[in-house]
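These notes are about the structure you will find just below.
The values are calculated or read from the model by the stated rules, or taken from the named source; none is laboratory data. Worth saying up front: this structure is predicted, and the values here are computed from it rather than measured. FYI the Cβ positions are ideal-geometry reconstructions off the backbone, even for glycines, and counts take in every protein chain you see. The protein model used for the area step is the full one, side chains on, heavy atoms only, and it has no ligands, DNA or RNA in it. Shrake-Rupley method; radii C 1.70, N 1.55, O 1.52, S 1.80 Å.
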Amino acid sequence: MYLALRKLNVLGSVLYIAAHPDDENTRLLAYFSKDRTYRTGYLSLTRGDGGQNLIGNEQGIELGLIRTQELLSARRIDGAEQFFSRAYDFGYSKSPEETFTKWDKEKILSDVVWVIRKFEPDVIITRFPTTGEGGHGHHTASAILANEAFTAAADPNRFPEQLKYVKPWQAKRILWNTFNFGSTNTTSNDQFKFDVGGYNPLLGKGYGEIAAASRSQHKSQGFGIAASRGEAIEYFKTTGGSAPVNDIMDDVELTWKRVPGSEAISKKIDKLSASFDLLHPENSVKGLVELYQAINKLADGYWKNQKLKEVQQLIEQCSGLFLDGTTSEQFAVQTDSIRINFFLNNRLGVNAVLKNLSLDALDSSFNTTLAKNKNVIFGKTFFVPPTKPLTQPYWLENKMEEGYFNIKDQQKIGQPDVDPGYFVNFTVNIEGQDFNFRKPVKYKFTDAVKGEVYEPLVVIPPITFRDFNPLYIKTDQQTGVEVSFAANKLVNIPSALAVSQTFNSKLDTLPFLIGGFSLDKKQLYTELITDKELNTKVYKINTVPDYHSGGFIQKSITYDHIPYINYFKEALLTVKKIDLKTIGKKIGYIIGAGDKVPEALEQMGYDVTLLGDKELSRNNLKQFDAIITGVRAYNTDEWLNNHYSQLMSYVNNGGNLIVQYNRNTNNGPLPRIGPYKFEVSSTRITDENAEVKFLNPDHSVLHFPNEIAQDDFKGWIQERSVYHATNFDKTNFETIFSMHDPGENNDEGSLIISRYGKGTFVYTGLVFFRELPAGVPGAYRLFANLIALNKQKAF
Ligand SMILES: [Zn+2]
């Protein structure tokens, strides 16, 4: 509270800009926010959708949802505010030029300009330079966009459609926060620099400690780090505006002088600070209310709004006011009802009267004096209308493009989080002034281990589909697709209604009419859509009438370190007929970092057994036609080292071991993987259309049982191959393909095959884990050939 009180007299702001969750300098953010008490923000252009996930198998938008929440957790610790653009993290990119082919540069630039015009930073800081030392193409692109936006935000002719909400803004300067990442050191002593390694006695923490706690929230990336103490110098290079000489805020007015007519405000704040009683913050409330009223009389403007918010928050804290709207149910179901409980307590006994409570259609007046430390508790049951919007992250509401989310509402851009299903507005009169406190309604429960837990309240439809594999490969082994749906309330479905398919919003014929039935809450109904009725196309699975489900699969993601995540995806089923022959039946799959290859193998008709440490020890490996390791298995499964000789003797006796990509880490090189020495490089082919040359056209992997041709490399997504094999002896390993990214040299390490004893060993960086779930036919056919390698007599 005292820190927040001091902050009221500081009118300055800093915006940090980079590309991903984890790019931000949490020590610098903590220092600006909690030492200098500037309004501090981090604009991460992406939500980190394309990175690797160390704690689960979520990928793409799901990983973006996790990292969004991790960033918000980090910001709660370092005190900065979080923003995002529409840009999608589509994976590794070697150059900004490549990045901009997917991001739509003008759109993302407009987002950066929008956030700058809204946030009005005095100083903008980029993590990366425009010149490429940041490595990743997204990094360089983020710096290019930030520097262009620095100018464009001030130009009323750029993105004029934004000007009905915001005004042009010229930041004083833009600087690159140079770095020393060990391998690359871009700092030097002649750069502008200052120490951010101080200690905050009010918080009892140093900025290096706060920064570590914040950065350690990036758990999906395994970025837990140790706290640092002592001097910590940050270095800067000016890339736009005037260079700082004495202070990074040189020539920025940081006091109330920047607001006309505010002469008395600063003195009032000084007085409140001087008389602040740490044991009795409620004694400051009257003065804070007077301050609020004085600020409210100023002409409208950025700092007036910002400081009114800060003062109101401080009044709430100094009053010890507790205001809460909760449910005992996690979901509000459309067309059902939900009970919401309200709880108020004026713990320090300021003059407070509840005047009004509103929530959706409810708008109730009160005149209830809130007595000191007395609980005021009441509840009300609400009908959830069928038109109540589902709780869907706003950036997933529309179909996305390859490189960015489609967001129609300009005012949503930049917003970090999902809109809560319900808000409750409490109007409380405190010391003669009405204040409106807007609180999201939460689902509250007590867990025997975790204690009291608050989670988001989520609006869902009466019927939701259970997740099913969205890709159906028609083969001889399959009979159809099972689709299950769950009732979220009691639903009666008369016989005239049915599961239907729609495609391109045209209602298709209804080949799988189901009879009338009713389902109790939480009951599940499963229907088999038979193979014969399915053609090669995309189906939308739905119930009729649509409002029962909207045709959505409800997806949830739960981890202890972040709030419950819910989103809906359309119940779409892509049916594909792939010209595919398979040899062999039984596959052992060693799960690595998590991928969806096992599901694809089952679709191909194989029996898949998942193998962990115990299963590998116990199982007779000879039964498997092939053993496949999941992506980065040798990175994530330390126990795999103990099975080296067992796996080699499996190969020696006629087995087939297929190792998908692994990478070198800071913990040193990889353990032994194959029967002969090879290493893993960081070579990757990021162009998904890169030309593939066949080095060894007679090799059985190109002919048995499927004939592989150039067509099999069409329609790949995101990239071709990662972490290639290198430094291997060509007498032991055969190479099959040669490929390269634009402007780079050919590389032959995407697939290496070795004969060992009676069996075969394969290492491949080819991204089957991306192509198989995407239904790319050539990837299926080639993978089937890898599995058949040891079945071909004439090798
Ligand atoms: Zn990054």
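Rg/Rh for the range 1-116: what does it come to with C-alpha atoms and Rh from Kirkwood? Mind dumping the intermediate values first?
Values: Rg = 15.7 Å, Rh = 15.3 Å.
That ratio is 1.03, to two decimals.
Just order 248-256, 655-663, 217-225 by mean Cβ neighbour count inside 10 Å, highest at the front, would you? Provide the component values of the computation, followed by the final result.
Numbers: 248-256: 17.1, 655-663: 23.8, 217-225: 18.7.
Peptide ranking by packing, descending: 655-663, 217-225, 248-256.
Return the whole-Å distance between the Cα centroid of the range 72-120 and the Cα centroid of the range 716-732.
32
Enumerate the amide H contacts of ASN356 below 5 Å, restricted to partners 5 or more residues apart or on another chain; note that Pro and chain-start residues carry no placed amide H.
Answer set, sorted by chain and number: PHE366, THR427.
Before I look further, what does the range 1-151 give for accessible area per residue, probe 1.4 Å, in whole square angstrom? Numbers along the way, then the final one.
Numbers: 3630 Å² over 151 residues.
Value for the range 1-151: 24 Å² per residue.
Could you estimate the translational diffusion coefficient of the range 297-351 from the Stokes-Einstein equation, with Rh from the Kirkwood formula over C-alpha pairs, at 4 °C and 1.567 mPa s, in whole µm²/s?
Numbers: Rh = 14.4 Å.
Here the translational diffusion coefficient equals 90 µm²/s.
Per residue, how many Å² of accessible area does the range 247-308 show with a 1.4 Å probe?
Details: 3430 Å² over 62 residues.
For the range 247-308, the solvent-accessible area averages 55 Å² per residue.
I'd like the carbon and sulfur percentage of the solvent accessible area for the range 62-103, probe radius 1.4 Å, heavy atoms only, ligands and nucleic acids excluded.
Carbon-and-sulfur percentage of accessible area, whole number: 54.
Once you keep just the Cα pairs under 8 angstrom separated by 6 or more residues, what percentage relative contact order results for the range 588-746? Spell out each step's value before the answer.
Working: 220 pairs, mean separation 33.6, N = 159.
So the answer I get is 21 percent.
With a sphere of radius 12 Å drawn around the Cβ of VAL289, what net charge do the other residues whose Cβ falls strictly inside it have (Lys, Arg +1; Asp, Glu -1)? Each step should come with its number before you reach the end.
Working: positive: LYS268, LYS286; negative: GLU282, GLU290, GLU316, GLU431, ASP434.
In short, -3.
With a/c under 1.5 counting as rounded, go ahead and sort the range 543-651 into rounded, prolate or oblate using the C-alpha gyration tensor (a ≥ b ≥ c being the square roots of the eigenvalues; past the cut-off, prolate if a/b is larger than b/c, else oblate).
oblate
Taking the chain, how much of its Cα-Cα pair set, in percent, is spaced more than 40 angstrom apart?
On the way: 143497 of 315615 pairs.
Considering the chain, 45 percent of its Cα-Cα pairs are separated by more than 40 Å.
Leaving out ligands, DNA and RNA, and with a 1.4 Å probe, what % of the accessible surface on the range 581-685 is carbon or sulfur? Present the calculation step by step, with values, prior to reporting the outcome.
Values: 2000 of 4570 Å².
Looking at the range 581-685 in its full context, I get 44 percent from C and S.
How much area per residue is accessible in the range 625-766 when the probe is 1.4 Å and only protein heavy atoms are counted (Å²)? Walk me through the intermediate numbers first.
On the way: 5840 Å² over 142 residues.
Result: 41 Å² per residue.
Starting from the amide H of GLY12, placed 1.01 Å from N in the peptide plane, find each other amide H under 5 Å away whose residue is 5 or more places distant or on another chain.
ARG39
Relative contact order for the range 306-373: what percent, with Cα pairs under 8 Å and sequence separation of 6 or more? Don't jump to the answer; show the numbers that get you there.
Values: 86 pairs, mean separation 18.5, N = 68.
Across the range 306-373, relative contact order equals 27 percent.
Determine the alpha carbon to alpha carbon distance for each of LYS34/LYS271; LYS257/LYS408; LYS193/LYS304; LYS237/LYS268 and list only those over 27 Å. Please report the intermediate quantities before stating the final value.
Values: LYS34/LYS271 21 Å; LYS257/LYS408 38 Å; LYS193/LYS304 32 Å; LYS237/LYS268 38 Å.
In this structure, LYS257/LYS408; LYS193/LYS304; LYS237/LYS268 exceed 27 Å between Cα atoms.
Kindly write out, for the range 411-421 in residue order, the coupling ³J(HN,Hα) from the Karplus curve 6.51 cos²θ - 1.76 cosθ + 1.60 (θ = phi - 60°), rounded to whole Hz, with x marking Gly and Pro.
These are the phi-based 3J(HN,Hα) values: 6, 7, 4, x, 4, x, 10, 5, 6, x, x Hz.
Which one, GLN306, SER95, PHE694, projects farthest toward the positive side of the charge dipole computed for the chain from Cβ point charges (K/R +1, D/E -1)?
Sorting the options by dipole projection puts first GLN306.
How large a share of the accessible area of the range 112-254, in percent, is made up of carbon and sulfur atoms when the probe is 1.4 Å and the other protein chains stay in place? Intermediate values should be presented prior to the final figure.
On the way: 3090 of 6110 Å².
Reported share for carbon and sulfur atoms: 51 percent.
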